[in-house]
Amino acid sequence: MKMERRFWLVLVLALLLAGCKGGQQAGSGGSAAAAPAQSFRWKMVTSWPANFPVFQEGAERFAREVEQMSGGRLRIQVYAARELVGPLEVFDAVSQGSVQMGHGAAYYWAGKVPAAQFFSSVPFGMTARAMASWIYHGGGLELWNELYAPFNVVAFPLGNTGVQMGGWFNKKIESVDDLQGLKMRIPGLGGKVLKAAGGNPVLMGGGDLYTALERGTIDATEWVGPFHDLRLGLQRAAKYYYYPGWHEPGSMLELAINRTAWESLPEDLKTIVRVAAEAETLHMYTQFETLNLKALEELKEKYNIEVLEFPPEVMTKLHQLTRQVLAEEAAKDPDFRRVHEAYQAFRARSDAWSRISDEAYERALQAE
Ligand code: CA
């Protein structure tokens, strides 16, 4: 008798499900959907100023899309830097659970987790394309989350700036000697490399860069790429614009989620967050690329900026010093060493493929 009832129940369910296939709502006879769906209201803090193009806009678009896709079951209120916490306090706020989500860049937490820098960008590191391969398919995401597990944080990529620019200089860089005593705003590992080359790295927030460069308090600064640099007005404060951004060849941006909050989400909402983050990563990366190419045209045509390539001798020296700086950091911290090894191992394989794919193609284009 009991068996028979179950048979009929299964049959009715199967028919109902078959009837739902066109994406229609289950009717009043629906069973599993009867329980009211749980709703979540989350807070997300970011490392960006309010209205900061691409970065803050991307975080806000991500939140809107999650809300839409979840039919309002997951609503994320986004707060710009300093509305709830400072730009560099995002990771701690997420870790402690005072907010559920954060958007920033992993190298901002280098003081707490030195190895986190590999999940944003390191000098002479991987480009956006190689980073995406490593993170999504090469074990990078697993390693990143293992690194953040003690902090009760889950991480996903949420954007990539692409190759940044080398920066704005008030004097030409023609040899390694020109780096001696060069006072340049360049944070993180890039700054350590410049220091090893005899330069004088300075830490400074974006808001102070124009004045410092214009008044000669600093000789040079890096910021992001043509689009963000143009908006900051750096073209009016320095003559020479150098490429490439050897210190940030593809800075990945980070979505940090409090692990306890993450685990409280039902599977479908987790999928929405994960897929929305992937979509937003592509959106922001291609947005950076497009806005940069337009801004580069404007810098050349409207402002007559000299766009110069760093001499090979300078790149070779900085690359060599980068290996030294990374080895020194690895000797200080076992996590840094472990992530560095995994990063370099994937990178070597990615480079071997790139040499006969993208790079060979670029050469073929130039050989006409
Ligand atoms: Ca930068």
Practice problem: Determine whether region 276-295 contains at least one residue that is more than 25 Å from the chain's Cα centre (by Cα) and in a helix (DSSP H, G or I). | Solution: no
Self-check item: region 141-180, subset small (Gly, Ala, Ser) and under 30 Å from residue 296 (Cβ atoms), residue farthest from the ligand (Cβ to nearest atom)
Solution: 175
Quiz item: How many residues are surrounded by 12 or more Cβ atoms within 10 Å (Cβ to Cβ) and either of a type in the set (Phe, Trp, Tyr) or over 16 Å from residue 140 (Cβ atoms) (or both) if we restrict to region 338-356?
Solution: 4
Quiz item: So which of 291, 308, 296 ends up being out of contact with any helix residue (DSSP H, G or I) (no Cβ under 8 Å at 6 or more places or on another chain) and under 30 Å from residue 238 (Cα atoms)?
Solution: 308
Self-check item: Long-range neighbours under 6 Å by Cβ, at least six apart or interchain, first residue closer than 24 Å to residue 78 by Cβ within region 243-264, second part of a loop (DSSP other than H, G, I, E, B) and away from the ligand (no atom under 16 Å from the Cβ)
Solution: 258/97; 258/100; 259/152; 261/100
Self-check item: Check on residue 306, at pLDDT below 95, of a type in the set (D, E, K, R) and surrounded by fewer than 19 Cβ atoms within 10 Å (Cβ to Cβ)
Solution: yes
Self-check item: Selected residue (criterion: nearest to the ligand (Cβ to nearest atom)) from residues of region 208-236 that are small (Gly, Ala, Ser) and surrounded by 21 or more Cβ atoms within 10 Å (Cβ to Cβ)
Solution: 225
Quiz item: Pairs under 7 Å by beta carbon, first residue more than 16 Å from residue 162 (Cβ to Cβ) in region 208-230, partner within 14 Å of the ligand (Cβ to nearest atom) and in a loop (DSSP other than H, G, I, E, B), six or more apart or different chains?
Solution: 209/223; 212/204
Practice problem: List the number of the failed condition for residue 307; all other conditions in (1) in a helix (DSSP H, G or I); (2) within 26 Å of residue 187 (Cα to Cα); (3) not polar (S, T, N, Q) hold. | Solution: (1)
Quiz item: Which numbered condition trips up residue 184, out of (1) assigned by TED's automatic domain parsing to the domain that holds residue 284; (2) crowded, with 21+ Cβ neighbours inside 10 Å?
Solution: (1)
Exercise. Working only within region 187-200, note down all residues that are under 18 Å from residue 171 (Cα atoms) and crowded, with 22+ Cβ neighbours inside 10 Å.
Key: 194
Practice problem: Name the single residue, out of those in region 191-202 being over 29 Å from residue 290 (Cα atoms) and not in a strand (DSSP E or B), that is farthest from the ligand (Cβ to nearest atom). | Solution: 198
Quiz item: Within the set of pairs 6+ apart or on separate chains, which have a first residue in region 290-315 that is within 9 Å of residue 226 (Cα to Cα) and not assigned by TED's automatic domain parsing to the domain that holds residue 231, a second that is modelled with pLDDT under 95 and in a helix (DSSP H, G or I), and C-beta atoms under 8 Å apart?
Solution: none
Quiz item: Restricting the search to region 237-271, which residues are more than 16 Å from the ligand (Cβ to nearest atom) and of a type in the set (D, E, K, R)?
Solution: 239, 259, 263, 267, 268, 270
Quiz item: Is it the case that residue 158 is outside any helix (DSSP H, G or I), in contact with a Phe, Trp or Tyr (Cβ under 8 Å, 6 or more places away or on another chain) and not small (Gly, Ala, Ser)?
Solution: yes
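The values are calculated or read from the model by the stated rules, or taken from the named source; none is laboratory data. Just so we're clear, the structure is a prediction, and the values are computed from it rather than from any experiment. Because the Cβ atoms are built from the backbone with ideal geometry, glycine has one as well, and the counts that use them run over all protein chains shown.
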